[in-house]
Amino acid sequence: MTGVLVTGGTGKTGNALAELLRGNGVPVRVASRNPSDGDPDAVRFDWGDPTTHPAALSGMDRVYLVPPTNTTDPMPLVKPFLAEAERLGVRRVVLLGSAIVLPNAPGALELAARVRARPGWVVLRASGFMQNFLAPHPLGERIRRHGEIRTAAGAGRLGWIDTRDIAAAACALLIDPGVEPGDQRDYLLTGPKALSYQEAAAIITARTGRPIRVLHTGADELAGTYRAAGMPGEFAVALAAVEDGIKAGREDLVSTAVLDLTGRPPRRFAEFVQDHATEWAPVGSSEC
Ligand SMILES: NC(=O)c1ccc[n+]([C@@H]2O[C@H](COP(=O)([O-])OP(=O)(O)OC[C@H]3O[C@@H](n4cnc5c(N)ncnc54)[C@H](OP(=O)(O)O)[C@@H]3O)[C@@H](O)[C@H]2O)c1
């Protein structure tokens, strides 16, 4: 049998990708720590339990790889998995990487380099997710509860991307894993336009009618907010420090990769907001 093992298959990109692949007639295996009973495509998979890796990979010739979340160093957990994938002759790995490099966290770069080094394996360097503006992400949770965004990024802009467009780009690469020498191995994935937090908040306000305040804070305070939301300390500090780079304009980037790969332009932030407008209603407002 051949098909695609979708790690993070219950997450934002993985779930959408599995649907797209099924729609294109590609067999999928959906990996999760808690596979749903009765779904023949579901398989138990835990980064922290290497004994689950071989069975998940067995018979699959392609992999969508969502590395372990909330860690500054995914390599110790992913390395043995990649070694097993190589041993089994997996033709294509599509890694969900990040355009933003966490400070003092070389493990993510090491992982991307490892994937890029193998012919047919590719890295998606995704920009910040538009879905971060939705709960349960700490950013979205604060908007929903308090109608506010706290940021250390000032007026710096980011090329926010809708996770549905990441899934579509991954799908294009996984459906057609034909490998030619000189194939591109690295794609910067962004939305169509870079936006500051202030600009994003103004779009949410305009589309939903809910005023969203933007409060400027320091990276240390932001890290505290992330920690309070349950992120491990080291990861929270690294994630907050990213905002200094946004402030300096380092993430003010857009690419044509989604259009090039899928034939469709990436969704605009306003479209994303339209599709989720009810999710920013103030907490308690929908109660009878
Ligand atoms: N947020 C951003 O702006 C952004 C930007 C660029 C890249 N990224 C990257 O995108 C990735 C996804 O992040 P997300 O927060 O949006 O999460 P997500 O994909 O929505 O959900 C996390 C997924 O990972 C799975 N998972 C969690 N712990 C696992 C474990 N120990 N073993 C196996 N699977 C596990 C979960 O599956 P189960 O719970 O079913 O096991 C779930 O499907 C991260 O690697 C992040 O670095 C994020």
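We did not get these values from a lab; they are worked out from the coordinates using the rules stated. Since the structure is predicted, the reported quantities are computational estimates derived from the model, not experimental observations. A quick note on method: Cβ atoms are made from the backbone with ideal geometry, for glycine too, and the neighbour counts reach across all protein chains shown.
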task: Take the Cβ-Cβ distance between Ala228 and Asp186 as r, set R0 to 35 Å, and report the resulting FRET efficiency rounded to the nearest 0.05.
output: 0.50
Net charge over other residues, Cβ less than 14 angstrom from the Cβ of Leu77 (K, R count +1; D, E count -1): -2
Local electrostatic count at Val242 - Lys and Arg +1, Asp and Glu -1, tallied over other residues with Cβ under 13 Å: -1
Estimated distance in nm for a label pair at Ser36 and Asn24, the labels positioned 7 Å out from Cα along Cα-to-Cβ: 2.2
statement: Note on segment 81-143: contact order normalised by length, alpha-carbon pairs under 8 Å, 6 or more apart, percent, works out to 32
message: Rounding to the nearest 10 and keeping the result within 0 to 90°, find how far the Cα-based axis of helix 106-116 lies from the longest principal axis of the chain.
response: 40
- request: Show me 205-218, 113-126 ranked by packing, highest mean number of other Cβ atoms within 10 Å first.
  value: 113-126, 205-218
task: Name the most mobile residue of Thr72, Thr51, Thr13, meaning the one with the largest mean-square fluctuation, in a Gaussian network model of the chain with Cα contacts below 10 Å.
output: Thr51
message: Restricting to DSSP H runs of at least four residues, report the calculated mean residue ellipticity at 222 nm for the chain, -39500 (n - 2.57) per run over all residues, nearest 500 deg cm²/dmol.
response: -11500 deg cm²/dmol
message: Test of understanding: extend the Cα→C-beta vector of Glu148 to 7 Å, then name every residue of segment 245-282 with backbone N under 20 Å from that spot.
response: 280-282
- line: If every Lys and Arg gets +1 and every Asp and Glu gets -1 at its Cβ, then about the Cα centre segment 159-213 yields a dipole, in debye to the nearest 20, of 560
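So how do 128-135, 35-42 stack up, highest first, on mean other-Cβ count within 10 Å?
On the way: 128-135: 20.5, 35-42: 11.4.
So the order, starting with the most tightly packed, is 128-135, 35-42.
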message: Can you give the local net charge around Ala277? Use residues other than it whose beta-carbon is closer than 13 angstrom to its beta-carbon, Lys and Arg +1, Asp and Glu -1.
response: 0
